[in-house]
1. Cβ-Cβ below 8 Å, separation at least six or inter-chain, first residue in segment B:156-181 and within 14 Å of chain A (Cβ to nearest Cβ), second of a type in the set (Phe, Trp, Tyr) and part of a loop (DSSP other than H, G, I, E, B): which pairs?
2. For the list (1) away from chain A (no Cβ under 14 Å); (2) in contact (Cβ under 8 Å) with a residue 60 or more places away in the chain; (3) not β-branched (Val, Ile, Thr), I need the number of the one condition that B:LEU147 fails.
3. Among the residues of segment B:53-64, what is the count of those that are surrounded by fewer than 19 Cβ atoms within 10 Å (Cβ to Cβ) and more than 7 Å from chain A (Cβ to nearest Cβ)?
4. Got a sec? Which helices (runs of 4 or more DSSP H) wholly within segment B:56-133 have at least 1 residues that are touching a residue at least 40 places away in the same chain (Cβ under 8 Å) and under 30 Å from A:ALA35 (Cα atoms)?
5. With segment B:136-203 as the region, which helices (runs of 4 or more DSSP H) entirely inside it contain at least 1 residues that are of a type in the set (D, E, K, R) and surrounded by fewer than 20 Cβ atoms within 10 Å (Cβ to Cβ)?
Amino acid sequence: MNDDVPVSSRRQLRHTAVAVLGAVSLLALAACGSADPTPTATSSPAAFKPVAQQQGSEITVWADAARVPGVQAYQKTHPDVKIKIVTYSGDANGANDLQTKVQLFDWAGSGWPDVAFSANVNDASWASQGKTPYAAPVNQGVVSQSTLKGFADGALGPCTFNGDTYCLRNDLAQNVLWYNKKLMDEFGYSVPTTWEEYQALGEKVAKEHPGYLIGTAGDAWSPEVYFWASQCPAGTATGDKKVKVDLQDSKCTRMAKLLDSLIAKGSVSKDTVFSAGFIKNKASRVLMLPGPSWYGQVLFNSTFKIPKGQMAAASPLKFEGDAKNYTGNVGGGLWFVSSHSKNLKAASDLVTWMTTSNAYQATAGTYPAYKKAAVAWLAGQKKTGYFAEDVGPVFQEAAELIWPGWSATQYSQEAIYSSTVIPALNSGKTLTDTLGTWQTAITDKAKSLGYTVN
Amino acid sequence: MTTHLATERSGRRGRSARNPVGRAGYVFVSGYVLLLLAFGVLPTGYAVWLALSNSRNQLVGIGNFTRTFTDYRFGPAFLHIGLYLLVWLASLMILVVLLALMLHGRMRRASTSLRFLFYLPGALAGVASVLLWLILLDPAASPVGWLLKSFGWNTLAQVNAPGHLPVLFTVIAFWTGAGGWIVVMYGALNSIPDEILEAARIDGASTLQIALRIQIPMITKWIAYMLILAFAAGTQLFVEPQLVSLASWGMIPDSWSPNQLSYQYAFQAGDFNGAAALSVDLLILGLACAALVVFRTGLFDRDER
């Protein structure tokens with residue numbers, strides 16, 4: 001190597017380098033604290049203490065594109081409230097923008113939006129945690145008790161931690177059994193009421209009408225459709241930051257076996273309903289599809305373009321040995337009021353209006369979590385005349401049947417299923433084979449976020 | 001390499017040291033130095049500090065490093081990135097040099113338009129090009145769906161199988177990034193004096209011999225430079241796995257690459273110190289590779305060997 005730098009400055013450079021390295025290694029050796037990340041704050045903070053309020057101050061609202069027109073409608077009817085609207089992803093499709101930004105605001109000590117909408121039903125699990133949780137406990141004098149009581153049973157479950165309610169639910173995504181009435185009549189099949197009948201019908205379809213489908217196992221939300229309904233303890237909160245994960249439980253294995261047999265026969269697809277291939281080749285061959293209430297308009301009408309008067313919904317299925325039928329839930333948006341807000345009154349009023357008023361909820365795209373708004377919403381659905389039968393009674397029934405043992409967690413069950421189980425299914429493994437790997441993936445992820453798993 | 005260039009440069013340097021007018025140079029670099037300090041040096045220093053401390057601002061030594069090292073995702077993430085780098089660096093070196101040589105030698109007439117073509121994808125913003133690939137990789141939507149199907153891949157899930165990922169990301173990265181390097185290598189080949197090539201040809205050297213014995217040895221430094229930058233960029237892989245994961249409804253683990261793992265630490269667990277430790281790991285890796293390449297190839301040597 002040639003010394004084009006003069007010797008003296010080379011020496012200087014070396015000295016500086018040694019000095020920097022020395023300083024860094026000294027810092028590295030001078031350990032006096034524990035490397036544990038923030039010790040899990042006692043997440044039941046005492047009574048909620050709002051920050052100093054400024055009456056009439058501007059509130060910042062973060063919402064996704066679908067919700068922004070609602071906020072604008074509120075602004076129109078309440079011209080005296082100063083609102084700054086920010087459109088963001090709304091945490092749809094597994095994004096975590098709200099959490100990312102709130103972490104940065106926590107770090108910086110300012111900047112939190114007064115009101116935030118999130119399409120991720122798990123978001124309250126982190127928003128209710130920490131030294132000063134982002135979400136205000138709305139049951140502590142922020143939103144009236146009578147409003148809170150007006151939500152469907154269990155609708156506020158994903159918002160409730162340690163007895164406090166940290167958000168209001170925008171919509172429910174209760175699962176029902178969707179079916180194509182026209183095709184079912186044509187084939188001469190009757191709609192099943194139990195999972196056993198569902199399996200038998202699936203085997204019959206595979207034989208008599210190969211290519212037709214009665215379900216899909218390749219969606220990220222498949223665990224919430226099938227395993228939640230089967231009451232599988234894939235993530236049951238047993239206490240503060242404690243979850244039970246047991247996929248070898250018979251309530252999980254029974255569903256895995258059922259799906260495995262139908263996947264092998266070909267009447268349950270390994271694809272996801274939103275993939276371009278599925279929409280192109282399989283959409284018109286969907287005979288039945290267990291799935292959330294929003295499938296009706298979003299999937300069958302807008303995406304699959306199934307004509308009017310064909311699709312209908314039936315009650316969630318039940319296992320023959322069980323006393324009653326349960327169902328799961330795929331998403332369902334949340335509204336947060338920031339605990340840092342300087343105008344809690346305006347923030348809570350907006351959130352209450354967005355979740356409960358017929359003016360907005362009755363025409364929303366999704367099933368309202370607030371009971372009175374749901375009635376108005378269902379009337380509106382009937383008027384569209386899209387469904388072959390009135391879906392109202394089934395939706396209302398299913399809204400109250402959500403199994404409470406599947407808890408909202410800081411990690412996404414959907415992300416774990418799609419990165420662990422779906423690739424395995426596509427490499428030819430069965431669900432039953434994969435339960436072990438799946439269990440490890442959930443356990444590892446939960447532990448990495450400070451959960452105790454038992 | 002080019003004696004006259006080197007002497008000219010050192011001559012200029014000598015002049016500026018004596019001549020006060022040369023101080024204008026400091027003005028010219030000041031803008032860069034300022035930005036480098038604000039967006040390069042300071043954040044790096046802050047990251048080192050975060051990596052050595054905890055959220056209560058106490059020093060913890062290498063605690064954050066051992067803690068992240070024992071994380072169950074640490075090994076797989078670095079294994080993934082290692083495999084990816086292997087495929088990516090090998091294909092980059094071989095294909096870029098090969099294409100540049102071909103452009104320079106055989107296709108001089110078409111070379112301008114070809115160079116433009118190679119460079120074009122790189123001119124698009126990185127994220128936009130990855131988005132384009134999201135469509136190309138779905139057999140049902142892709143214009144080259146028949147090619148994917150001929151491999152036996154009929155769904156996006158089959159294309160995205162975990163074993164395919166290093167190659168898949170290489171294809172995307174090559175397409176978005178290699179064009180710029182082809183142009184750089186072409187420029188490097190142009191700096192080889194024609195007399196040398198002519199002399200070789202008169203001595204009866206074949207095209208292959210000229211390439212192997214003259215051209216490639218004379219552009220080693222450029223190749224080394226490319227290697228350093230590509231290695232650093234490769235270890236920081238983030239956009240490709242993140243976007244492909246989003247497009248496939250999460251079929252790629254959210255901590256596939258070390259940079260994604262660091263992101264998970266910071267923004268899912270709120271653990272900025274662990275995230276900083278991971279990025280310092282990457283910094284050390286990048287520096288070590290750069291040092292190795294610089295010293296082995298004599299990248300910063302100025303005189304003729």
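The values are calculated or read from the model by the stated rules, or taken from the named source; none is laboratory data. If you're wondering where the values come from, they're calculated on a predicted model, not measured in any experiment. Heads up, the Cβs are rebuilt from the backbone with ideal geometry, glycines too, and the neighbour counts pull from every protein chain shown.
1. B:VAL159/B:TRP153; B:LEU165/B:TRP256
2. (2)
3. So the answer is 1.
4. Working: elements: B:63-69, B:74-105, B:111-123.
It comes to B:63-69, B:74-105.
5. Passing ranges, in order: B:145-150, B:194-202.
Every residue, every condition in (1) in contact with a Cys (Cβ under 9 Å, 6 or more places away or on another chain); (2) facing chain B (nearest Cβ under 10 Å); (3) surrounded by fewer than 12 Cβ atoms within 10 Å (Cβ to Cβ); (4) modelled with pLDDT under 60, yes or no:
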{"position": "A:SER8", "(1), (2), (3), (4)": "no, no, yes, yes"}
{"position": "A:ARG14", "(1), (2), (3), (4)": "no, no, yes, no"}
{"position": "A:PRO45", "(1), (2), (3), (4)": "no, no, no, yes"}
{"position": "A:PRO50", "(1), (2), (3), (4)": "no, no, no, no"}
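Conditions tested, residue by residue: (1) modelled with pLDDT of 95 or more; (2) touching a helix residue (DSSP H, G or I) at 6+ places or on another chain (Cβ under 8 Å).
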{"site": "A:THR352", "(1), (2)": "yes, yes"}
{"site": "A:ALA364", "(1), (2)": "no, yes"}
{"site": "A:LYS371", "(1), (2)": "no, no"}
{"site": "A:GLN396", "(1), (2)": "no, yes"}
{"site": "A:GLU400", "(1), (2)": "no, no"}
{"site": "A:GLY405", "(1), (2)": "no, no"}
{"site": "A:ALA408", "(1), (2)": "no, yes"}
{"site": "A:ILE416", "(1), (2)": "no, yes"}
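Let's see how each residue does on (1) assigned by TED's automatic domain parsing to the domain that holds A:GLU203; (2) under 23 Å from the mean Cα position of the chain (by Cα); (3) under 25 Å from A:MET255 (Cα atoms); (4) crowded, with 18+ Cβ neighbours inside 10 Å:
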residue	(1), (2), (3), (4)
A:VAL273	yes, yes, yes, yes
A:ALA283	yes, no, yes, no
A:LEU299	yes, yes, yes, yes
A:SER302	yes, yes, no, no
A:PHE319	yes, no, yes, yes
A:ASP322	yes, no, yes, no
A:VAL337	no, yes, no, yes
